[in-house]
Amino acid sequence: MADIIKLLPDHVANQIAAGEVVQRPASVVKELLENAIDAGATNIKLIVKDGGKALIQVVDNGIGMSETDARLSFERHATSKISCAEDLFNLNTKGFRGEALASIAAIAHVDVQTKPENAELGSFLKIEGSKITAQDVAATPKGTSIAVKNLFFNIPARRNFLKSNQVELRHITDEFQRVALVHFDVAFQFYNNGSELFNLPKENFRQRIVHVFGAKMNERLVPVEEETEVVKVSGFICKPEFARKSRGEQFFFANGRFIKSPYLHHAIGAAFEGLIKSEMQPGYFLFLNVDPKAIDINIHPTKTEVKFDDENTLYAILRSTIKHSLGQFNVVPSLDFEHDNNLLTPYSYQGKEAVVPKVTVDARFNPFESKESSTVRTSSFKKKSIEGWENLYTDLDDKDNSFSSVQFESQIEVPDIFEGQEEDIKTNQIAFQLRRKFIVTTIKSGMLVINQNRAHQRVLYEKFLANNEVKQGVSQQLLFPLTLEFTGPEIQQLKQFHEHLSVLGFIMNFGKKQKVTVSGIPTIMTETSIGTVFAELLINNESEVTDEEVLSSEVLIAKILCRTLALKSGQPLDTTSQIALVNDLFGCEESKLDPFNRIIYTTIETDLIEKKFI
Ligand code: ADP
Ligand code: MG
């Protein structure tokens, strides 16, 4: 048989390697930024067009390259960073494989300008699909500029596989943040389609976090610092009350490199145990410094997964360090999710001194008399709410007064969210709250158990739709327009759905310096909820789960708005409000499903209850 094995030509080998190194524009961004850092740059500029599909350019003021080096840097396995295998165990640079530039050049059009500090003139190179197509001298400042255009121009299948510009930009922003966070001593600028997303001066780590994630971050951070023989841990964690549902703000940097480690992530979760609800995610920005010999970053080509020699010890140290910080900075609140006092105290009462409730005992009370006269009154007792099922308990109060200090869930005074509707409510209707989550009421065939949060979402949603049908964007003008500050990417997102927001009744003006002035809001909203609503919309548009549907329609935004504004589980409701909510729900066109198509209530038939007593 004839020999059939051939060596692949370089450009084919490069294309194959590129498949591993370059998955999407964000991978190119990562490699170019890391090369700039390795080149000792103190100022790095990232310029992106059309989610990186049209252009990704990184300009640095690092050491630059000689003409020969510039040509060589695009060869495969060409690197200045290691020269023998031992060097692999003592890495101080981001790169070391010498594959990135060769891979990128195999699948894009690349322009390079570079000049070492002491050279008179720099060099210019043009490379298309691994071939150098132009070369010249260039008058250029010290440092390197690499522009990558038309990514995947020669692999249409890969190009078609890319997501929308918006989603690709989100991936790029994630990579940018990872590099920018850890190299806070380097100044960064990031432009997308001509507008500035980030402008970060040289600063300290805390300032960098705040610059990247917005001023609101500052009050949330708790410092972490611990040095043991195995590892030095430093950085910040977020206070438990700022835990979020999405995984946005979780960063481990091992020896200056962003890493993903589900195992170590778990250690943080363990330290936060009991402080945050299980579905919530703690925020953290942590540096782990270990002996370079004790860490293997070579196990994955894109290098976010690493292997530590002694992971178990690391886990234990991390967990106790975080616990210690939480305790030391006194941020372990006495949180009890079944009974969170913040939820119970009406806003106007917060911070005021507690007054012992006055208890009046009806001296004429006689348990053997007819029901009408047997009433126990506490200061928060409403006339209406003692009718019905609560009477079952009234005669327990005979011997001592302790009972009168017990509050039923349904008796706790809360601001009346359904003000002015009392007249409509039939006073003989009964309802009570179960675990501050469900409203239980009766119907002909038995019992109705309603999820209060979902019910309220539905009610708000239909109100909202009704308003919007009458006139597009019914809005209430704010007496004092509110100015809010956002980060660069947040402003971009808000601009993207600005049009939808105006249809829904928001009146917004984009000012200078990432500020937005809100002068009108939808009628179903109150002014105090503006901050929460915007935060929620931005979180929902975030793409840690990147390929999810972005907020592209008014309907979706409206649903999220209602979800944000709706009564939460855990919110106590007085009987009047409970009944009003039930009536509102059954006045809706669709009362079975909430705006996200989840069931709102279930019934328990009397027959079923009867059977339990056989
Ligand atoms: P690696 O980073 O793994 O060494 P790359 O393909 O990313 O491999 O880069 C190859 C070489 O090109 C680097 O080792 C470095 O010497 C040089 N190089 C790349 N980017 C720059 C830059 N921005 N400034 C100076 N030198 C660079
Ligand atoms: Mg590199």
Quiz item: So what does E490 come to for accessible area, using a 1.4 Å probe and Å² rounded to 10?
Solution: 40
Self-check item: Spatial extent of region 431-603: Rg and Dmax, with the Cα atoms as the point set, Å
Solution: 17.6, 61
Quiz item: Cα-Cα over 20 Å: which of K49/K515; K444/K592; K126/K149; K53/K126; K30/K94; K30/K293?
Solution: K49/K515; K30/K293
Quiz prompt | Binned Cα-Cα distance frequencies in region 10-200 - 10 Å width, integer % | solution = 10, 38, 39, 13, 0
Quiz prompt | In nm, spacing of pseudo-spin labels at K611 and N509 (7 Å Cα→C-beta vector) | solution = 6.5
Practice problem: Jot down the radius of gyration and Dmax of region 1-95, Cα atoms only, both in angstrom. | Solution: 16.5, 60
Quiz item: Gain in length, T68 to L7, computed as 0.36 nm per residue apart minus the alpha-carbon separation, to one decimal in nm?
Solution: 19.3 nm
Quiz item: Along region 61-70, what does the Karplus equation 6.51 cos²θ - 1.76 cosθ + 1.60 (θ = phi - 60°) give for ³J(HN,Hα), rounded to whole Hz, x for Gly and Pro?
Solution: 10, x, 6, x, 9, 6, 4, 5, 4, 4
Exercise. Express the carbon and sulfur contribution to the solvent-accessible surface of region 431-603 as a percent, rounded to the nearest whole number, probe 1.4 angstrom.
Key: 52
Quiz item: Check E249: other-chain or 5+ apart residues with amide H under 5 Å from its amide H, H built from backbone geometry?
Solution: none
Practice problem: Express in Å², to the nearest 10, the accessible area of I491 obtained by rolling a 1.4 Å probe over the protein heavy atoms while all chains stay in place. | Solution: 20
Quiz item: G235's amide H: which non-local residues (gap 5+, or another chain) put their own amide H closer than 5 Å, with H modeled 1.01 Å from N in plane and none for Pro or chain starts?
Solution: V224, F287
Self-check item: Volume per residue that the Cα convex hull of region 205-328 spans, once the total is divided by residue count, Å³
Solution: 107
Quiz item: Distance in nm between label sites at K323 and V449, each 7 Å beyond Cα in the beta-carbon direction?
Solution: 3.6
Self-check item: Percent antiparallel among DSSP beta bridges (both partners in region 205-328, rounded to 5)
Solution: 75
Exercise. Note down the nm distance, to one decimal, between modelled labels 7 Å out along Cα→Cβ at Q23 and at N193.
Key: 2.5
Exercise. Would you mind checking which residues have amide H under 5 Å from Y191's amide H? H placed 1.01 Å from N; only 5 or more apart, or other chain.
Key: L46, I47, V48, L197
Practice problem: With a/c under 1.5 counting as rounded, go ahead and sort region 164-229 into rounded, prolate or oblate using the C-alpha gyration tensor (a ≥ b ≥ c being the square roots of the eigenvalues; past the cut-off, prolate if a/b is larger than b/c, else oblate). | Solution: prolate
Practice problem: State to the nearest 20 debye the size of the charge dipole of region 431-603 about its Cα centre, where the only charges are +1 on K and R beta carbons and -1 on D and E beta carbons. | Solution: 520
Self-check item: Zone residues, region 50-80, relative to K142, backbone N less than 11 Å from point 7 Å out along Cα-to-Cβ
Solution: 61-64
Quiz prompt | Å² per residue, accessible surface of region 10-200 at 1.4 Å | solution = 43
Practice problem: Using only protein heavy atoms and a 1.4 Å probe, report how much of Y284 is accessible, in Å² to the nearest 10. | Solution: 10
Quiz item: Between R206 and K437, 0.36 nm times their residue separation minus their Cα-Cα distance comes to what?
Solution: 79.3 nm
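The values are calculated or read from the model by the stated rules, or taken from the named source; none is laboratory data. Note that the coordinates shown come from a computational prediction; the quantities given were computed from them, not determined experimentally. All Cβ positions, even for glycine, are placed from backbone atoms using ideal geometry, and neighbour counts span all protein chains on display. Just the protein is used for accessible areas: all its heavy atoms, side chains included, with ligands, DNA and RNA removed. Shrake-Rupley method; radii C 1.70, N 1.55, O 1.52, S 1.80 Å.
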